[in-house]
1. For the chain, set up a Gaussian network in which alpha carbons nearer than 10 Å are linked by springs, and say which option among ASP200, ASP312, ASP122 fluctuates the most.
2. Please report Rg (one decimal) and Dmax (integer) in Å for the Cα set of the stretch 1-149.
3. Could you pull out every Cys in the chain that lacks a partner Cys with its beta carbon under 4.7 Å away?
4. Quick one: Karplus J couplings for the stretch 304-319, per residue in order, coefficients 6.51, -1.76, 1.60, θ = phi - 60°, nearest Hz, x for Gly and Pro?
5. How much of the DSSP beta bridge set in the stretch 13-325 is antiparallel, as a percent to the nearest 5?
6. At what distance in nm do the modelled label points of SER215 and ASP200 sit from each other, each positioned 7 Å from its Cα along Cα→Cβ?
7. Where the eigenvalues come from the Cα gyration tensor of the stretch 181-267, what are the semi-axes √(5λ) of the equivalent ellipsoid, largest first, in whole Å?
8. Quickly work out the ARG295-to-ASP312 label distance, labels modelled 7 Å from Cα along the C-beta direction, and quote it in nm with one decimal.
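Please treat every number below as a calculation from the coordinates, not as lab data. All values derive from a computational prediction rather than experimental measurement. Glycine gets a Cβ as well: all are built from the backbone with ideal geometry, and neighbour counts include every protein chain shown.
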Amino acid sequence: MQLLDTFGRVHTDLRVSLTDRCNLRCAYCMPAEGLSWLAKPELLTDDEVLRLVRVAVGLGIREVRFTGGEPLLRPGLAGIVAAVAQLRPRPEISLTTNGIGLERMAPALVAAGLDRVNVSLDTVNRETFVRLSRRDRLDDVLAGLAGVAAAGLAPVKVNAVLLRGVNDVEAVELLDYCLARGYQLRFIEAMPLDAQHAWDRSRLVAAEEIHDRLSAAFSLTPAVDRGSAPAETWLVDGGPARVGIIASVTRPFCAACDRVRLTADGQVRNCLFARTESDLRDSMRAGATDADLARRWVKAVLPKKAGHGINDPTFIQPTRPMSAIGG
Ligand code: SAM
Ligand code: SF4
């Protein structure tokens, strides 16, 4: 059995949200206040997460990325990573994090078997950081980035989202910062996945504009064919340094998508923008066998839509925000 949809896409990349909670409130993701969290009994336990990851690996998953919310807030993270590293075939294990606390945790995560990390950093200016994330934590994020590089996880990847009128003019400065430290920067177009449903195309800084802004300061030459990787990549000033742009909205890469998602409360989603989910948690708690869970998972992936449809007039934003789905 494998995770195949009706368009022939085989899914090998699993994103696991370990919590919907976060210690930042990035404007493109969450409202400043008033977002309620999943209750603890609704969340998968560490053992339940591991069981479902094991089932997924049996279905051909080769990369497991832990995300959230903020995955470093999950107390059992290092133990989960260590247990996933024992699975055979061993999947590649990665983490997407805002970096707060990473300085302290990086050595334990690397020892547990973490292979790769993406840290989100949208600005290197403190005032912009506070405005964007509504918390004064830039120094913690920068320390987390330095900590992960010191722990030997190369290349350190940085994810950045630009918002018009907030940090769009800082793209070059951010790339300068990353180049100076050997971090690989990727810009991601803001998608309509914010909890407050305030996404607005006029605030979207599109890939083409990001490319133009960077080209004013650097010489960009297209790098390799992107395959199923969402980022289009350019060599910066002849290389070897690179910069990526993920044009999720303006140049969708759905035809090559190989991702499937598991929410912190045990729902399989075949797309970030899916309007339905398949419950594995209650089935598991009601005594489903691994074979039952695998069958449910296969069935959940099969009807995945051809594309996310953001640019269709009939598009409806999913009810669950990115922070609860796992970005
Ligand atoms: N808290 C962690 C972090 O920020 O890296 C992990 C979860 S976060 C939802 C994962 C990634 O999604 C981050 O890189 C974040 O910038 C990105 N993201 C969040 N909301 C987004 C949106 N509406 N559009 C595009 N990317 C978004
Ligand atoms: Fe938190 Fe990540 Fe969302 Fe920012 S993008 S609010 S760090 S979950």
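1. Highest fluctuation of the listed residues: ASP312.
2. That works out to 16.4, 51 Å for Rg and Dmax.
3. CYS22, CYS178, CYS254, CYS257, CYS271
4. 3, 6, 4, x, 6, x, 4, 8, 7, x, 8, 4, 10, 5, x, 5
5. Bridges in the stretch 13-325 that DSSP calls antiparallel: roughly 30 percent.
6. In this crude spin-label approximation the distance works out to 2.9 nm.
7. For the stretch 181-267, the semi-axes come out at 26, 18, 12 Å.
8. 3.0 nm
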